[in-house]
1. Of these, Leu189, Leu181, which one is in a helix (DSSP H, G or I), modelled with pLDDT under 95, under 20 Å from the mean Cα position of the chain (by Cα) and at negative phi?
2. Across the range 139-165, what is the total count of residues that are touching a Pro at 6+ places or on another chain (Cβ under 9 Å) and part of a helix (DSSP H, G or I)?
3. Tell me which of these Val91 doesn't satisfy, since it passes every other one: (1) in a helix (DSSP H, G or I); (2) surrounded by fewer than 23 Cβ atoms within 10 Å (Cβ to Cβ).
4. Could you please find all residues in the range 1-39 being assigned to a loop (DSSP other than H, G, I, E, B) and hydroxyl-bearing (Ser, Thr, Tyr)?
5. What tally of residues in the range 167-178 results from selecting those that are surrounded by fewer than 16 Cβ atoms within 10 Å (Cβ to Cβ) and either in contact (Cβ under 8 Å) with a residue 12 or more places away in the chain or over 19 Å from His119 (Cα atoms) (or both)?
6. Condition test on Phe47, is it over 23 Å from Leu162 (Cβ atoms), at pLDDT 95 or above, in a helix (DSSP H, G or I) and aromatic (Phe, Trp, Tyr)?
7. Restricting attention to the range 103-119, does a residue exist that is outside any helix (DSSP H, G or I), crowded, with 24+ Cβ neighbours inside 10 Å and at pLDDT 95 or above?
8. Which of (1) within 27 Å of Leu17 (Cβ to Cβ); (2) assigned to a loop (DSSP other than H, G, I, E, B) does Ser98 not meet, given it meets every other one?
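The values are calculated or read from the model by the stated rules, or taken from the named source; none is laboratory data. These figures come from a predicted structure and were not determined experimentally. With ideal geometry, Cβ positions are generated from the backbone for all residues, glycine too; neighbour counts draw on all protein chains shown.
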Amino acid sequence: MENTDALLFCFINHTHLRSKGLDWFMFSLTQFGQGWLVLILLTGVYFGNNFEGSWYAESFVTVLAAGVICQIIKKYLPRSRPVSVLPHVNVLGKRLASGSFPSGHTATAFSLAIVFSSHWEIMTPVLLFTASLIGVTRIYVGAHFPLDVCCGAIIGLTTSSLVLTFLHIAPAYNIQYPFTLVFGTILLLALSLPFLGGYTFAKMAQRLREKIVRVQVVLQGR
């Protein structure tokens, strides 16, 4: 399994199609798998354009749920990143050493694909294709193995499906405030991560500051 995983990784990461243009496209697209960035964009779209519907709240809770689950798994099933175990890895962005399994970016992409598909069914093929492509970008930029991406996709699909199912059947069982219940459960899990020695809010804030600094450096270079 590991050999196959490594071979598939090398096939994508060392593709002969690599170019500056493709690097820019794949690196840009992979950013849309970052949960915090996606939530900021969705918040701007929802409140800035007066979009109505439950899609925003559903997106918010599913992205958070998928993210928390991924961080818990990363804690108990640690796996080194490709750059730590393979030679000559093409890396775009930060060279991460650990926390490879599963891919949180892919989980975010697929959780949103399911939520959006439930509201705009005609867009389902495009949404799933885009989520899959985001998963491929994680391999292309050297951040994850294919197995990490596949498991991230499963987590995103499963989490969003379960959350949406609960939200839809809650009224039939006279469950009051289902969104609040789901959000509260996710929040409790998130708050428990520091006690489990997993991903903490301090680490998240640090990574966000590092990203802001990198963007400022790029802008100054222009």
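1. Working: Leu181 fails: under 20 Å from the mean Cα position of the chain (by Cα).
Being in a helix (DSSP H, G or I), modelled with pLDDT under 95, under 20 Å from the mean Cα position of the chain (by Cα) and at negative phi holds for just one of Leu189, Leu181, which is Leu189.
2. So in the range 139-165, the residues touching a Pro at 6+ places or on another chain (Cβ under 9 Å) come out as 139, 142-145, 147-155.
Adding the requirement that they be part of a helix (DSSP H, G or I) leaves 139, 147-155.
Adding up the residues that qualify gives 10.
3. (1)
4. Residues of the range 1-39 that are assigned to a loop (DSSP other than H, G, I, E, B), as a first pass: 1, 14-19, 34.
Listed by number, the residues that qualify are Thr15, Ser19.
5. Restricting attention to the range 167-178, the residues satisfying the condition of being surrounded by fewer than 16 Cβ atoms within 10 Å (Cβ to Cβ) are 168-169, 171-177.
Then drop every residue that is not either in contact (Cβ under 8 Å) with a residue 12 or more places away in the chain or over 19 Å from His119 (Cα atoms) (or both), which leaves 172-177.
Number of matching residues: 6.
6. Numbers: over 23 Å from Leu162 (Cβ atoms): yes; at pLDDT 95 or above: no; in a helix (DSSP H, G or I): yes; aromatic (Phe, Trp, Tyr): yes.
Considered against the rule, which asks whether it is over 23 Å from Leu162 (Cβ atoms), at pLDDT 95 or above, in a helix (DSSP H, G or I) and aromatic (Phe, Trp, Tyr), Phe47 comes out as no.
7. Kept after step one, since they are outside any helix (DSSP H, G or I), are these residues of the range 103-119: 103.
Those left that are additionally crowded, with 24+ Cβ neighbours inside 10 Å: 103.
Still in the list and also at pLDDT 95 or above: 103.
Yes, some residue in the range 103-119 is outside any helix (DSSP H, G or I), crowded, with 24+ Cβ neighbours inside 10 Å and at pLDDT 95 or above.
8. (1)
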